[in-house]
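Trainee: Sharing a structure, written as structure tokens. Questions coming.
The values are calculated or read from the model by the stated rules, or taken from the named source; none is laboratory data. Quantities reported herein were computed from a predicted structural model and do not represent experimental measurements. Backbone-built Cβ (ideal geometry, glycine too); neighbour counts: all protein chains shown. Please note that ligands, DNA and RNA were not included when accessible areas were found on the heavy atoms of the full protein model with its side chains. Shrake-Rupley method; radii C 1.70, N 1.55, O 1.52, S 1.80 Å.
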Amino acid sequence: MIAHRPGVDLFDGLPDTRPRTEILAEDAVVLRGLLNNEDKAVMQALDKLLAAAPLRHMFTQGGHRMSVAMSNCGRVGWVTDRSGYRYDPIDPETDRPWPALPDAFHDIARRAAAQAGFDNFAPDACLINVYEPGARMSLHQDKNEHDFAAPIVSVSLGLPVVFLFGGMQRNDRPRRCRLEHGDIAVWGGQSRLAYHGVSPLADGHHPITGRRRINLTFRKAL
Ligand code: SIN
Ligand code: FE2
């Protein structure tokens, strides 16, 4: 079992009495507050990563500027531009390799995956998503990875958001689930290709991230 403190304080000062594990669908769970002991260390590591590979708003193939600011760390990074979506070992903004995935990030992702029933998760890519009020992510599948045997591990920091978790078809009605600071969602197996997205971020202030929500999405891409 993981160091996982029930009763950790949420940022509104009330104890976190939510169930520790919430099932979203088959092979898909939210692990509540799993990150809470490591949030400050993760934020410090992020400062360094984002100094080396700055946040940017990418463009979709159709020419839309994404409202979420993004960067990556790991052996490859997820990018989108006029030519489409891909994993690239080189950051097109800096022309350098993405910064390495910190060991601490690797450990967090591996632990979360194991807790969700996926042993030996070995992520090689971490997409860093930064949401400011109004930013959103429309329903999509994570399907640019090489094989779908490994799960997706998605860590939330900062302002709460409504996560949408749908089915295998884009028009399956998604389940709505609030993700808060320290929550980690994991989906794989039967749910690996589930459509998912994020509703527009409501304004607010979080003591750790300020007026932002940060999401780290770990994948085995190669
Ligand atoms: C993503 O699907 O890449 C992001 C999900 C999230 O921000 O929670
Ligand atoms: Fe995604």
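Trainee: Let me know the shape class of segment 42-168, please: from the alpha-carbon gyration tensor, a ≥ b ≥ c as square roots of the eigenvalues, rounded when a/c is under 1.5, otherwise prolate if a/b is greater than b/c, or oblate.
Mentor: It is rounded, given that a/c, with a ≥ b ≥ c, falls under 1.5.
Trainee: For the pair LYS48/GLN141, report the inter-label distance in nm, with labels modelled 7 Å from Cα in the Cβ direction.
Mentor: Each label point is offset 7 Å from its Cα along the Cβ direction, giving 3.8 nm.
Trainee: Can you give me the accessible area per residue for the chain, using a 1.4 Å probe, in Å²?
Mentor: 47 Å²
Trainee: Using each residue's phi in segment 179-189, evaluate 6.51 cos²θ - 1.76 cosθ + 1.60 at θ = phi - 60° and report the 3J(HN,Hα) Karplus result to the nearest Hz, with x for Gly and Pro.
Mentor: After applying 6.51 cos²θ - 1.76 cosθ + 1.60, I find 10, 10, 3, x, 6, 10, 9, 9, 9, x, x Hz.
Trainee: How big, in percent, is the set of alpha carbon pairs in the chain lying more than 28 Å apart?
Mentor: 22 percent
Trainee: Under unit Cβ charges (Lys, Arg +1; Asp, Glu -1), what dipole magnitude, rounded to 20 debye, does the chain have relative to its Cα centre?
Mentor: For the chain, the charge dipole is close to 420 debye.
Trainee: For segment 58-74, just list the computed ³J(HN,Hα) in residue order, Karplus coefficients 6.51, -1.76 and 1.60, θ = phi - 60°, integers in Hz, with x standing in for Gly and Pro.
Mentor: Taking θ as phi minus 60°, the curve returns 7, 10, 6, 4, x, x, 8, 7, 6, 6, 8, 7, 9, 8, 8, 9, x Hz for segment 58-74.
Trainee: Can I ask one more? Which residue, GLY74, LEU139, LEU24, has the largest displacement toward the positive end of the dipole of the chain when charges sit on each Cβ (Lys, Arg +1; Asp, Glu -1)?
Mentor: With unit charges placed on the Cβ atoms, the residue in question is LEU139.
Trainee: Mind listing the phi-derived Karplus ³J(HN,Hα) values for segment 13-19, rounded to whole Hz, using 6.51, -1.76 and 1.60 with θ = phi - 60°, and x for any glycine or proline?
Mentor: So the Karplus estimates, Gly and Pro as x, are x, 8, x, 8, 9, 5, x Hz.
Trainee: Report, by chain and number, residues whose modeled amide H sits under 5 Å from the one on SER67, excluding near sequence neighbours (fewer than 5 apart, same chain).
Mentor: Amide H neighbours of SER67, under 5 Å, 5+ apart: ARG136.
Trainee: In addition: For the chain, calculate the relative contact order in percent as a whole number, restricting contacts to Cα pairs under 8 Å that are 6 or more residues apart.
Mentor: Computed over the chain, the figure is 24 percent.
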